[in-house]
1. Can you give me the number of residues within segment 51-92 that are farther than 15 Å from residue 10 by Cβ, assigned to a loop (DSSP other than H, G, I, E, B) and out of contact with any helix residue (DSSP H, G or I) (no Cβ under 7 Å at 6 or more places or on another chain)?
2. Starting from residues that are in contact (Cβ under 8 Å) with a residue 40 or more places away in the chain and buried (at least 16 other Cβ atoms within 10 Å of the Cβ), keep the ones in segment 61-90 and report whichever is farthest from residue 104 (Cα to Cα).
3. Among the residues of segment 34-52, what is the count of those that are modelled with pLDDT of 90 or more and surrounded by fewer than 20 Cβ atoms within 10 Å (Cβ to Cβ)?
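The values are calculated or read from the model by the stated rules, or taken from the named source; none is laboratory data. Keep in mind that what you see is a predicted model, and the values were worked out from it rather than measured. When we count neighbours, we look across all protein chains shown, and the Cβ atoms used for this are built from the backbone with ideal geometry, even at glycine.
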Amino acid sequence: MSGQMSDVIVVGDAEYAIVEPESGVLFDVRAFGVMPVMMHSANSRGELARFRIDEKGKLLLSDLQVGSVDAPPAINGIEATTDEYGQVWTYLDLDLPIEWSGDLLAGAQPILELYVHSGFLPVWHYEQVLAFDVEAGCVLSREDRSEAVAAFRAALLEAEETDRDDGRFEHFLDAIKLRLRGTEAEPSAE
């Protein structure tokens with residue numbers, strides 16, 4: 001599988017790749033009767049979403065691209081436009097409220113030396129990492145987790161154990177999420 005394009009969230013003037021939860025969890029275009037098809041090798045799931053947080057802290061789906069053989073229906077009153085081949089459809093300025101709850105991790109400035117041409121990049125492949133606590137579509141808090149991620153990355157690279165699967169990465173993810181604060185140990189690579 002080729003490296004895959006992540007959904008993004010716009011924070012201020014910067015775009016961050018949504019790392020956790022995985023792409024497609026915040027919004028499901030199938031709920032609108034659209035069955036997405038692969039757009040290209042870097043987007044096998046057939047959809048790509050851009051989210052933003054409005055001035056009141058609400059999580060909104062702002063733009064969406066979807067691969068579809070047939071014209072998809074309007075979403076939030078917005079009709080999709082298409083490319084010259086009629087298989088990639090784009091919705092702009094949707095501003096559709098997302099009623100999702102959970103932890104959201106987003107990364108910016110991917111580290112090119114760590115790039116693997118397969119699947120989605122893990123959180124520790126980003127220089128900047130933000131954690132969001134979202135409840136029913138409202139962002140309750142946001143914290144910079146870049147230092148914790150850098151420490152985890154450094155420990156992994158120093159030990160040359162980046163492919164080892166002993167649960168430490170999942171423990172680390174739980175430790176940097178905001179909703180679980182106080183219930184997990186401090187993040188570490190050990």
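1. Final tally of qualifying residues: 16.
2. Going through segment 61-90, the residues in contact (Cβ under 8 Å) with a residue 40 or more places away in the chain turn out to be 62, 72-73, 75, 87-88.
Those left that are additionally buried (at least 16 other Cβ atoms within 10 Å of the Cβ): 62, 72, 75, 87-88.
Numbers: 62: 17, 72: 28, 75: 24, 87: 30, 88: 27 Å.
Here the residue is 87.
3. 2
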